[in-house]
1. Quick one: which residue in A334, A319, A280 is of a type in the set (G, A, S) and in contact with a Cys (Cβ under 7 Å, 6 or more places away or on another chain)?
2. Residue by residue through segment 208-226, note down the ones that are within 25 Å of the chain's Cα centre (by Cα) and surrounded by fewer than 18 Cβ atoms within 10 Å (Cβ to Cβ).
3. Just need a number here: residues in segment 91-118 that are part of a loop (DSSP other than H, G, I, E, B) and near the ligand (Cβ under 9 Å from one of its atoms).
4. Residue pairs, Cβ under 9 Å, 6 or more apart or interchain, first in segment 35-54 and within 23 Å of H106 (Cβ to Cβ), second of a type in the set (F, W, Y) and in a helix (DSSP H, G or I). List them.
5. Restricted to segment 287-297, and to residues that are in a strand (DSSP E or B) and in contact (Cβ under 8 Å) with a residue 24 or more places away in the chain, which residue is farthest from the ligand (Cβ to nearest atom)?
6. Pick out the one residue from A143, A214 that is assigned to a strand (DSSP E or B), out of contact with any Lys or Arg (no Cβ under 7 Å at 6 or more places or on another chain) and either among the small types (G, A, S) or under 30 Å from T93 (Cα atoms) (or both).
7. For M187, all conditions in the list (1) part of a helix (DSSP H, G or I); (2) crowded, with 16+ Cβ neighbours inside 10 Å hold save one; what is the number of the exception?
8. Among the numbered criteria (1) within 23 Å of the chain's Cα centre (by Cα); (2) surrounded by fewer than 19 Cβ atoms within 10 Å (Cβ to Cβ); (3) at pLDDT below 95, which single criterion is violated by D358?
Amino acid sequence: MASRDTDVLIVGAGQAGASAAAALRDFGYPGRILIVGAEQALPYERPPLSKAMLAGSGAVSDILIHPAGFHAEKGVETLLGVAVSSLDVQGRTATLSDGARTTWRHCLIATGGQARSVAGLTPGAARVHYLRTIADALRLREAMRQHRSVLVVGGGFLGLEVASTARTLGLSATVLESADRLLGRVMPPALSRWLREAVCAAGVDLRLDARCEAFDVHADGVVVTLASGETVSADMVVAAIGLVPEVGLARRAGLKIHPDNGGIAVNERCETSAPGVYAAGDCSSQHHPFVDAEIRLESWQNANEQARLVAAAIAGQPAAALTAPWFWSDQFGANLQILGVPVPGLEYHCRGEPGDGDTAGKFLLLGANDAGQILHAIAVNAGGELRMLKPLVDSRTPCDPLALCDAASPLRQQVRAALARTPSPTLS
Ligand SMILES: Cc1cc2nc3c(=O)[nH]c(=O)nc-3n(C[C@H](O)[C@H](O)[C@H](O)COP(=O)(O)OP(=O)(O)OC[C@H]3O[C@@H](n4cnc5c(N)ncnc54)[C@H](O)[C@@H]3O)c2cc1C
């Protein structure tokens, strides 16, 4: 059995894995780094898979996280199309799916997650689609060019982006959402209403409170029967009901898993319950200072920030603290950006004019608590303004939200003035 040694073994050639390798070199870490990835492709960005990549004609080379020669240039070894099958955290060895073994001093588990499956919709079956990998995206793209209608199960960010792209390509689209409003867990009701208008204005048949009872997948298409007794049919179906973190490897290695969110429990340095073993990205669960709770985030920003924490810990360098969670989505002609998290008791104020589902509009919704701290900010086509607000949100600096919403008063000045009134903001 072949064997090799490395200093840092990175399991998973995705956003967190690739970013951690790059950050290690940024910090001047001189040791050997090996990235083992189950997919064949070099590490690539997933956000375009439901956006430009699905709508356009690009290839994986267009969305690589680092250019093709980057790893060789940085002295990072990559082993692609191979999975890590088991980890011995005491003996610091890993067994790979090709039978090889590798020893390591530090190990990062950055295994992401898998699309949550819907009963009756077998992954890989004809007319059935999930969207997590480049292979999924290319298969879905091809199907969208062959067919005329799509049924999307799940009205979350991913499902809505797929429906938006489908409409751009001229397909008719139906979205089935089991909740009574869109993005109810992450958006205030006003934004859900605005989004519903935008979705419907784009010609999507949006069904809220729609619970799927049974699917009939046949050679010509798909028919879903809803709990209401109604049936809806389409040429194809895309299931987009969320993600299951990939923690099997960690579980088998005996690492602590968070009982509620299912992520690999890590400390502030992203170290797991086993010394020298780290976890980052969609598969990890960490106490987040902004939320003051242990959470598992599924976002590009989180994968990158945690990767940097891991690299700093391994390289023995100081690390920047985590900042307020940030997420974006492009859909129906609008760019949505969300900073912070919704918590009970926030009062929302609007800067700008939302209109009714007008995706050309530009506005901010600011969720403030009683102390005047903005804990949740949503920007529609206003990413620049959100960036101006970021120091205020990250530091939880109290402000006057009504004054911030006075469109006649420049936002940058308002933010500066609020920060100046509270000279040493700290996360608490
Ligand atoms: C379609 C889509 C659109 C998205 N859009 C947005 C967006 O607009 N904004 C945003 O903030 N976020 C978005 N995200 C989320 C963001 O891309 C993820 O949060 C991010 O990719 C997580 O990075 P990760 O490294 O944790 O996991 P991943 O990038 O998923 O990488 C994990 C890798 O590990 C590999 N792996 C798993 N197990 C093993 C093993 N045992 N051995 C070896 N390799 C293994 C997997 O094959 C995978 O390649 C989107 C995600 C998807 C799928």
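1. After ruling out the rest, the residue left standing is A280.
2. Matches in segment 208-226: L208, D209, R211.
3. 4
4. Pairs found: L42/F70.
5. For segment 287-297, the residue satisfying everything is E294.
6. Answer to the check: A214.
7. Here M187 meets the rest and fails (1).
8. Evaluating D358 over (1) within 23 Å of the chain's Cα centre (by Cα); (2) surrounded by fewer than 19 Cβ atoms within 10 Å (Cβ to Cβ); (3) at pLDDT below 95 leaves (1) as the failure.
The values are calculated or read from the model by the stated rules, or taken from the named source; none is laboratory data. The structure displayed is predicted, hence computed values, not measured ones. Using ideal geometry, Cβ is built from the backbone for each residue, glycine included, and neighbour counts are taken over all protein chains shown.
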